[in-house]
Amino acid sequence: MTEPPRDRHRERRAQLAANLAALRSRLAAACAAAGRDPGEVTLVAVTKTFPAFDVRLLAELGVRDVGENRDQEAAPKTAACADLDLTWHFVGRLQTNKCRSVATYATVVHSVDRPRLVPALAAAAAHAGRTVTALVQVSLDPDADASDPGRGGAPPAEVLALADAVAAADGLRLGGVMGIAPLAGDPEPAFARLAELARAVRARHPHAAIVSAGMSGDLEAAIRRGATHVRVGTALLGGRPPPVR
Ligand SMILES: *Cc1c(COP(=O)(O)O)cnc(C)c1O
């Protein structure tokens, strides 16, 4: 016996509405505990592995910022949602040969983590006739000299030079920094290191105020440490199958 599609739609909408309400109160509580205004924190709904239909439902529920981490999936999904006028964030590892595509739909790219990406993304933005806001992704691996092969990001010592390169590139606007806390252990020291780098970047580029930090499991710690953007998948959309590599 198959369920009528309209009921499935209604059920999924109710589930997403409940998840969103719970997440909004979690964000509000985290902001209250940190003495921050919830209006300072933008929720980016990370919809990877979930269908365009879920994006549509989230948009109906008031979500405006949506994130994806793979161009192969994001390109068709953003096209299917073009009528919704959403702000798309590219949050995944970016390959230079994907810049052309990503720059056509992403307003914010969170993952600039090496010098080679800067001219590639700048040229792609120019080609698309758009300005792309780019964040420098910082490795938050406690072994800070190496970039983090699992989670990505530039070594902290290279962040300022990378930020300067982004700021100088036509077609790009330096937005700030992004980090992913290591899987194991307390995320707070990692987010504290990110906050320190964010301050150093802002000292040179006062408009680069974005701190993209915090996911489903660690958004409270990120908000305590000054996150302006949290990237939330699981807590909003539910579990994902393990990634295929
Ligand atoms: C998937 C993903 C997220 C969301 O992670 P959840 O734990 O599901 O909230 C955030 N940031 C990046 C870069 C991601 O790839």
For V46, enumerate residues with amide H under 5 Å from its amide H, sequence gap 5+ or separate chain, H modeled in the peptide plane.
G67, V232, G233
In degrees rounded to 10, the 0-90 angle between helix 159-168 Cα long axis and the longest Cα principal axis of the chain is 80
Note the angle between two axes, namely the Cα long axis of helix 188-204 and the longest principal axis of the Cα atoms of the chain, as a number of degrees from 0 to 90, rounded to the nearest 10.
60
Computed ³J(HN,Hα) along the stretch 36-42: with the Karplus parameters 6.51/-1.76/1.60, θ = phi - 60°, integer Hz and x for glycine or proline, the list is 10, 7, x, x, 7, 10, 8
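So if I place +1 on the C-beta of Lys and Arg and -1 on the C-beta of Asp and Glu, and nothing else carries charge, what would the dipole magnitude of the stretch 49-102 be about its Cα centre? I want it in debye, nearest 20.
Values: 7 positive and 8 negative charges, 58 e Å.
For this selection, approximately 280 debye.
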Taking placed amide H atoms and a strict 5 Å upper bound, the residues 5 or more places from M178 or on another chain that come that close are V136, Q137, V138, S212
Under 5 Å, built H, 5+ apart or other chain: amide partners of V109
F90, T133, A134, L135
Cα axis of helix 71-80 to longest principal axis of the chain: angle in degrees, 0 to 90, nearest 10?
50
Return the Rg/Rh ratio of the stretch 1-64 with Cα-based radii and a Kirkwood Rh.
1.09
Taking a ≥ b ≥ c as the square roots of the eigenvalues of the Cα gyration tensor, with a/c under 1.5 meaning rounded and otherwise prolate when a/b exceeds b/c and oblate if not, the chain is oblate
Tell me what the chain gives for mean residue ellipticity at 222 nm when only DSSP H runs of n ≥ 4 count, each as -39,500 (n - 2.57), the sum divided by the residue total, rounded to 500 deg cm²/dmol.
-13000 deg cm²/dmol
If every Lys and Arg gets +1 and every Asp and Glu gets -1 at its Cβ, then about the Cα centre the chain yields a dipole, in debye to the nearest 20, of 420
Quick one: what are the phi-derived ³J(HN,Hα) couplings along the stretch 215-232, Karplus 6.51/-1.76/1.60 with θ = phi - 60°, whole Hz, x for glycine and proline?
10, 3, x, 9, 5, 5, 4, 5, 5, 4, 9, x, 4, 9, 9, 10, 10, 10
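Taken together, the values in this text are just the output of simple stated rules run on the coordinates, not laboratory data. Computed from a predicted structure; not experimentally measured. Methodologically, a virtual Cβ is constructed for each residue, glycine included, from the backbone with ideal geometry; neighbour enumeration extends over all protein chains shown.
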